[in-house]
Amino acid sequence: MTIQEAKEFVGSQVKVSWTGRKGDEQSDTVHVISVGFVPLYGPCLITDIGEIRLDRVVEFRCVAPREKAS
């Protein structure tokens, strides 16, 4: 996943699967707050549960899109 692809989901609720530090696959539904560059980690999803490195994302699916401002 690229940074540009990830930025489309800022403000959305997504189901994401990623590989952890030990190589195990983890999965959770998270709220994407931002996408940014974290020193020592690289490009990351900034979520309500913490940072998830984009290079470790295995699966990514939008559950609830962000609400449009009226």
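Give me the pairs: first residue in the stretch 5-17 and over 11 Å from Ile46 (Cα atoms) and part of a loop (DSSP other than H, G, I, E, B), second residue at pLDDT below 90 and basic (Lys, Arg), beta-carbon distance under 7 Å, and six or more apart or on different chains, which are they?
Correct list of pairs: Ser12/Arg66.
Mind listing whichever residues of the stretch 30-68 are out of contact with any strand residue (DSSP E or B) (no Cβ under 7 Å at 6 or more places or on another chain) and either closer than 15 Å to Lys7 by Cβ or among the aliphatic types (A, V, I, L, M) (or both)?
Leu40, Pro65, Arg66
Could you check the stretch 37-66 and list, in sequence order, the residues that are over 15 Å from Val14 (Cβ atoms), among the aliphatic types (A, V, I, L, M) and in a loop (DSSP other than H, G, I, E, B)?
Leu40
Tell me, yes or no, whether the stretch 19-36 has at least one residue that is at positive phi, in a strand (DSSP E or B) and modelled with pLDDT under 95.
no
Among (1) under 19 Å from Arg66 (Cα atoms); (2) touching a residue at least 12 places away in the same chain (Cβ under 8 Å); (3) among the small types (Gly, Ala, Ser), there is one condition Gly36 misses while meeting the rest; what is its number?
Answer for Gly36: the failing condition is (2).
Being polar (S, T, N, Q) and within 10 Å of the chain's Cα centre (by Cα) is the filter here, so list the residues in the stretch 20-40 that pass it.
Within the stretch 20-40, Thr29, Ser34 qualify.
The values are calculated or read from the model by the stated rules, or taken from the named source; none is laboratory data. What you see is a predicted model; the values in this text were computed from it and never measured. Using ideal geometry, Cβ is built from the backbone for each residue, glycine included, and neighbour counts are taken over all protein chains shown.
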